[in-house]
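Asks: Okay, handing you the structure first.
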Number of protein chains: 2
Amino acid sequence: MQIAILLYDRFTTLDAIGPYETLSRIPGAETVFVGERAGTYRSDLGAVGLVADAALDEVTAPDILVVPGGPGQTAHMADGPLHDWIRAVDAATTWTTSVCTGSLLLAAAGLLKGRRATSHWLGLDHLAALGAEPTGERVVFDGKYVTAAGVSSGIDMGLRLAGRIAGDTAAQIIQLGIEYDPQPPYDAGSPEKAPAEVTAALRDHGRSLLSGGREPNA
Amino acid sequence: MQIAILLYDRFTTLDAIGPYETLSRIPGAETVFVGERAGTYRSDLGAVGLVADAALDEVTAPDILVVPGGPGQTAHMADGPLHDWIRAVDAATTWTTSVCTGSLLLAAAGLLKGRRATSHWLGLDHLAALGAEPTGERVVFDGKYVTAAGVSSGIDMGLRLAGRIAGDTAAQIIQLGIEYDPQPPYDAGSPEKAPAEVTAALRDHGRSLLSGGREPNA
């Protein structure tokens with residue numbers, strides 16, 4: 001079972017690593033990071049350089065596609081080689097997945113038309129504008145399309161998908177292996193739960209983020 | 001404020017990326033990945049290559065040190081350049097931190113003697129053998145030493161530390177920015193909560209893991 005995780009400049013690191021750290025632990029899984037060219041891609045905050053070991057044309061039939069989000073997504077919304085590749089591999093995937101604004105790339109490539117899907121909470125309107133039906137859920141399954149909400153939600157997505165693929169016990173072994181017993185110090189992880197001034201601060205940053213600006217606090 | 005995240009071969013990716021994705025978003029933070037040599041380090045599961053932009057001697061006075069864990073930790077338990085560097089920078093850090101079996105490196109370097117600390121649940125006995133006082137908590141503060149439990153706990157550690165450094169509102173902005181509203185599909189994230197056969201399966205793998213073997217499900 002091959003898992004392909006797409007990289008591009010200014011991706012958000014945890015968007016890629018949450019699914020990686022869960023799905024790659026499924027027995028028999030083999031993961032490859034892939035980009036338009038093989039080589040290093042820098043994340044949104046700049047400090048992370050992650051290596052794509054393969055170029056797009058070297059990965060032609062992954063079983064699972066993972067598309068992370070991040071501010072760099074805005075540079076890839078027009079049709080081109082990335083969309084062509086996404087559509088081509090999607091034709092044969094078992095699961096096509098995204099985290100955060102990665103769903104905007106799937107939608108821009110035409111894969112989420114009329115489908116229930118999600119994205120970073122700041123990206124839900126954009127997702128609707130691209131023809132998907134955004135939900136407020138953290139992880140959304142619609143057929144073989146699995147989309148997750150912002151950044152950290154890729155861990156929950158990976159565990160749910162691991163359960164579907166390998167069964168509950170295998171997924172629980174992965175969860176206990178990464179000791180995923182979350183204890184956030186605040187209950188501020190969704191716009192409904194966070195204090196109003198916290199949500200407002202991010203909404204302001206979010207407008208520039210989704211138009212290609214810098215990440216909040218970067 | 002400089003954050004140095006240590007890399008070595010066969011580190012666990014999420015151990016490094018959880019603190020990165022939270023601490024690096026503190027306003028004014030600048031993060032550098034550092035290794036014995038500058039260059040690419042491969043993670044435990046093999047597919048991730050993460051770039052250390054600096055060698056040890058190029059990072060002499062970070063404000064925050066983050067030491068991730070992973071099966072490769074077992075190769076660095078003896079005294080040598082890595083321990084020398086850890087001790088040297090620790091002398092001037094504001095916070096010295098670890099995730100997962102990274103605490104075994106801090107302890108082996110002599111920094112956790114008599115201190116309350118934690119590690120991956122499979123590493124707690126080793127931590128005790130190295131002179132620390134393991135607790136069952138997910139994140140442990142003892143003075144400037146902050147240790148987190150297995151793999152995913154670095155996200156909780158990063159948010160707690162962000163709150164100490166930059167205040168609750170700044171930390172909540174980070175939490176909402178990464179949409180950290182965890183919804184694990186199972187309640188199996190600690191050995192107390194997981195089904196007995198799940199815990200047993202990992203205990204068996206863990207013995208080989210902590211003696212330098214392969215990661216479970218790798």
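The values are calculated or read from the model by the stated rules, or taken from the named source; none is laboratory data. Nothing here was measured: the structure is a model prediction, and the numbers come from that model. Counting neighbours? That spans all protein chains shown, and the Cβs are built from the backbone with ideal geometry, glycine included.
Asks: Checking A:Arg164 against (1) outside any loop (DSSP other than H, G, I, E, B); (2) at the interface with chain B (Cβ under 8 Å from one of its Cβ atoms); (3) among the charged types (D, E, K, R), which test does it fail?
Replies: Of (1) outside any loop (DSSP other than H, G, I, E, B); (2) at the interface with chain B (Cβ under 8 Å from one of its Cβ atoms); (3) among the charged types (D, E, K, R), only one is false for A:Arg164: (2).
Asks: Here is a follow-up. Kindly provide the set of residues from region A:145-161 that are more than 7 Å from every other protein chain (Cβ to nearest Cβ) and either modelled with pLDDT under 95 or part of a helix (DSSP H, G or I) (or both), ordered by number.
Replies: Let us first name the residues in region A:145-161 that are more than 7 Å from every other protein chain (Cβ to nearest Cβ), namely A:145-148, A:154, A:157-158, A:161.
Selection gives A:Gly154, A:Met157, A:Gly158, A:Leu161.
Asks: Also, quick follow-up: Can you find a residue that is within 7 Å of chain B (Cβ to nearest Cβ), in a loop (DSSP other than H, G, I, E, B), touching a helix residue (DSSP H, G or I) at 6+ places or on another chain (Cβ under 9 Å) and surrounded by fewer than 20 Cβ atoms within 10 Å (Cβ to Cβ) anywhere in region A:172-184? Quick ask: steps written out before the conclusion?
Replies: Of the residues in region A:172-184, the ones within 7 Å of chain B (Cβ to nearest Cβ) are A:172-184.
Remaining after also requiring in a loop (DSSP other than H, G, I, E, B): A:178-184.
This time we only want the ones that are touching a helix residue (DSSP H, G or I) at 6+ places or on another chain (Cβ under 9 Å), so: A:178-184.
Filter again for surrounded by fewer than 20 Cβ atoms within 10 Å (Cβ to Cβ), leaving A:183-184.
There is at least one residue in region A:172-184 that is within 7 Å of chain B (Cβ to nearest Cβ), in a loop (DSSP other than H, G, I, E, B), touching a helix residue (DSSP H, G or I) at 6+ places or on another chain (Cβ under 9 Å) and surrounded by fewer than 20 Cβ atoms within 10 Å (Cβ to Cβ).
Asks: In region B:33-47, is there at least one residue being facing chain A (nearest Cβ under 8 Å), closer than 26 Å to B:Trp121 by Cα and of a type in the set (A, V, I, L, M)?
Replies: Yes, region B:33-47 contains at least one residue that is facing chain A (nearest Cβ under 8 Å), closer than 26 Å to B:Trp121 by Cα and of a type in the set (A, V, I, L, M).
Asks: While we're looking at this one, here's another question. Do we find a residue being small (Gly, Ala, Ser), touching a helix residue (DSSP H, G or I) at 6+ places or on another chain (Cβ under 7 Å) and closer than 21 Å to B:Asp156 by Cβ anywhere in region A:155-166? Can you show your working first?
Replies: Taking region A:155-166 and keeping what is small (Gly, Ala, Ser), we get A:158, A:162-163, A:166.
Still in the running and touching a helix residue (DSSP H, G or I) at 6+ places or on another chain (Cβ under 7 Å): A:158, A:162-163.
Pick out the ones that are also closer than 21 Å to B:Asp156 by Cβ and you get A:158.
Yes, there is a match, as at least one residue in region A:155-166 is small (Gly, Ala, Ser), touching a helix residue (DSSP H, G or I) at 6+ places or on another chain (Cβ under 7 Å) and closer than 21 Å to B:Asp156 by Cβ.
Asks: Going through region B:5-22 one residue at a time, which ones are within 10 Å of chain A (Cβ to nearest Cβ) and of a type in the set (A, V, I, L, M, F, W, C)? Don't jump to the end; show me each part of the working.
Replies: Our first condition is that a residue be within 10 Å of chain A (Cβ to nearest Cβ); within region B:5-22, this holds for B:5, B:12-18, B:20-22.
Result: B:Ile5, B:Leu14, B:Ala16, B:Ile17.
Asks: Looking at region A:185-214 only, could you name the residues that are modelled with pLDDT under 95 and either crowded, with 18+ Cβ neighbours inside 10 Å or within 7 Å of another protein chain (Cβ to nearest Cβ) (or both)?
Replies: A:Ala201, A:Leu202, A:His205, A:Gly206, A:Leu209, A:Leu210
Asks: Next question, about the same structure. Just to check your reading of the model, which residue among A:Asp79, A:Asp142 is more than 8 Å from chain B (Cβ to nearest Cβ) and farther than 22 Å from A:Leu7 by Cα? Talk me through it step by step, then tell me what you get.
Replies: Working: A:Asp79 fails: farther than 22 Å from A:Leu7 by Cα.
Sole residue among the options that is more than 8 Å from chain B (Cβ to nearest Cβ) and farther than 22 Å from A:Leu7 by Cα: A:Asp142.
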